[in-house]
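*Asks:* Got a structure here, written out as structure tokens. Questions coming.
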Amino acid sequence: MKKTFVADLAVGNDITDFFLMKQAAVKTGSNHKQFIDMILADETGDVNAKKWDATPEEIAEIGRLDGSAVLKVRASVNEWQSRKQLKVTRFREAVPEDGVDYSSLIKTAPEEGEKMYADIYAESEKIRDDDLRKVAQAVLERNREQLLYYPAASKNHHAEMGGLLWHMKRMLLMGERACEVYTNLDPDWVVTGVIIHDIEKIREIDSNKWGISPGYSFKGTMLGHITQGVIMIDRLAEEFGIDEEKAVMLEHMILTHHYEPEFGSPKRPMFPEAELLHYLDIFDARFYDMEDALLSTKPGDFSEKVWTLENRKVYKPTFSKHSNR
């Protein structure tokens, strides 16, 4: 049974427990000695870990393990640049006799993939425009298998099993409410935009069946999901005989949802539903990161600095309803 969760790590403590090894790399320090730099994780989050002065045997051990390996780790909990870090003294790969519950090491979305997929597909059935409905449902149907487990990122927001569907579902829920307030918005375009905007992350990043990503694919590195998404829409438009105006507007939604050139969008939104798509995307990402930071924060305290929130700390009040995991 797991005793020490990432969210509960306390600086100054020594721990011995099982963690999922999401990433590992052998590096050389300023003292010219090799060390192992790891990202260890469980269902509550992940933490950086260092094995200093790594032996040849330890380096060989890490080299043969993949991104779903489970390690038994002995370490002390330190702090580096306002973030917790493990100083590893010993590690080994877990064996069946350890009886590790793998599910306790996998960070997952709060809802089952099948349920989220069904909810999102039900929203696509409400799309009145035949062309938009064909595109939205083709995207969902042709990517169903991967969507059930794919994360929305290699790290940062929604980097968890089923994270892409969870991101999509919450954006749809917020988009539905926005359309009730701003009645000039067309729900067909909002729903379609949400479904298509990040779908090419499935081909941008690599992931195993547990939603654990070691990084980006070749195409993802060379093109990115925005460019890949525009190519996808171009092909679907030709397949379904969609007119140029609609096709270009769909491509524009994908192209502009990051808003700024430095984040991959060469254009800013030029119609209301595209503008909303950007804010739905950033809204859900920011609130996910805040919620995630507060999971490992005690009431009356501040979280660690969150890189995606411009290195802000997030405060958890003593009366917070999220005071317990």
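The values are calculated or read from the model by the stated rules, or taken from the named source; none is laboratory data. Since we're looking at a predicted model, the values are computed, not measured. Cβ coordinates were reconstructed from backbone atoms using ideal geometry, including for glycine residues, and neighbour counts include every protein chain displayed. Please note that ligands, DNA and RNA were not included when accessible areas were found on the heavy atoms of the full protein model with its side chains. Shrake-Rupley method; radii C 1.70, N 1.55, O 1.52, S 1.80 Å.
*Asks:* If you take the C-alpha gyration tensor of segment 248-315, multiply each eigenvalue by 5 and take the square root, what semi-axes do you get, largest first, in whole Å?
*Replies:* Equivalent ellipsoid semi-axes, largest first: 31, 11, 7 Å.
*Asks:* Could you please state how large a percent of the accessible area of the chain is carbon and sulfur, counting protein chains only and using a 1.4 Å probe?
*Replies:* Reported share for carbon and sulfur atoms: 52 percent.
*Asks:* Moving on to the next point. What's the angle, to the nearest 10 degrees (0 to 90), between helix 187-197's Cα axis and the longest principal axis of the chain?
*Replies:* Result, in degrees: 40.
*Asks:* Non-local amide H neighbours of TYR216 (under 5 Å, H modeled in plane, Pro and chain starts lacking H): which ones?
*Replies:* Those qualifying (amide H under 5 Å, at least 5 residues apart or on another chain) are ASP206.
*Asks:* With n ≥ 4 as the cut-off for DSSP H runs, can you work out [θ] at 222 nm for the chain, using -39500 (n - 2.57) per run divided by the number of residues, rounded to the nearest 500?
*Replies:* Helices in the chain give a 222 nm mean residue ellipticity of -12500 deg cm²/dmol.
*Asks:* Starting from the amide H of ARG83, placed 1.01 Å from N in the peptide plane, find each other amide H under 5 Å away whose residue is 5 or more places distant or on another chain.
*Replies:* Under 5 Å from the amide H of ARG83: no residue qualifies.
*Asks:* Let me ask you something else. Sorted by mean Cβ packing within 10 Å, highest first, what order do the peptides 210-219, 150-159, 238-247 take?
*Replies:* 150-159, 210-219, 238-247
*Asks:* If we sort 194-203, 175-184 on the protection proxy, mean other Cβ atoms within 10 Å, highest first, what's the order?
*Replies:* Put in order of decreasing packing, that is 194-203, 175-184.
*Asks:* Please list 3J(HN,Hα) in residue order for segment 111-120, calculated via the Karplus relation 6.51 cos²θ - 1.76 cosθ + 1.60 where θ = phi - 60°; whole Hz, with x for glycine and proline.
*Replies:* 10, 5, x, 4, 5, 4, 4, 4, 5, 5
*Asks:* Now a separate question. Taking 7 Å along the Cα-to-C-beta vector as the label spot, tell me the GLU57-GLU114 distance in nanometres, rounded to one decimal.
*Replies:* Using points 7 Å along Cα→Cβ, the separation is 4.6 nm.
*Asks:* Post the alpha-carbon centroid distance, segment 56-102 to segment 1-51, in whole angstrom.
*Replies:* Computed from Cα coordinates, the inter-centre distance equals 6 Å.
*Asks:* Please report, to one decimal in angstroms, the Kirkwood hydrodynamic radius of segment 171-315 built from all distinct Cα-Cα pairs.
*Replies:* Answer for segment 171-315: a Kirkwood hydrodynamic radius of 16.9 Å.
*Asks:* Please list 3J(HN,Hα) in residue order for segment 271-279, calculated via the Karplus relation 6.51 cos²θ - 1.76 cosθ + 1.60 where θ = phi - 60°; whole Hz, with x for glycine and proline.
*Replies:* Whole-Hz 3J(HN,Hα) from phi for segment 271-279: 8, x, 5, 5, 4, 4, 4, 4, 6.
*Asks:* Segment 73-158: Rg/Rh from Cα coordinates, Kirkwood Rh?
*Replies:* Value, to two decimals: 1.19.
*Asks:* Right, something else. If you consider only alpha-carbon coordinates, what radius of gyration and Dmax does the chain have, in Å?
*Replies:* 21.5, 65
*Asks:* Still on this structure: Can you tell me the 0 to 90 degree angle between the C-alpha axis of helix 224-240 and the longest principal axis of the chain, rounded to 10?
*Replies:* Taking Cα atoms only, the helix is inclined about 30 degrees.
*Asks:* When the gyration tensor of segment 1-128 is built from Cα positions, what are the square roots of 5 times its three eigenvalues, in whole Å, from largest to smallest?
*Replies:* One finds semi-axes of 33, 16, 16 Å for segment 1-128.
*Asks:* Can you tell me which of ALA237, ALA49, ALA122 moves the most in a GNM of the chain? Springs connect C-alpha atoms under 10 Å apart.
*Replies:* ALA122
*Asks:* Can you list residues from other chains, or at least 5 along the same chain, whose modelled amide H is less than 5 Å from the amide H of ALA69?
*Replies:* Residues meeting the amide H criterion: MET21.
*Asks:* Could you go through segment 259-266 in sequence order and give the Karplus-derived ³J(HN,Hα) for each residue, using 6.51 cos²θ - 1.76 cosθ + 1.60 with θ = phi - 60°, rounded to whole Hz, and x for Gly and Pro?
*Replies:* For segment 259-266, the Karplus curve yields 6, 10, x, 5, 9, x, 9, x Hz.
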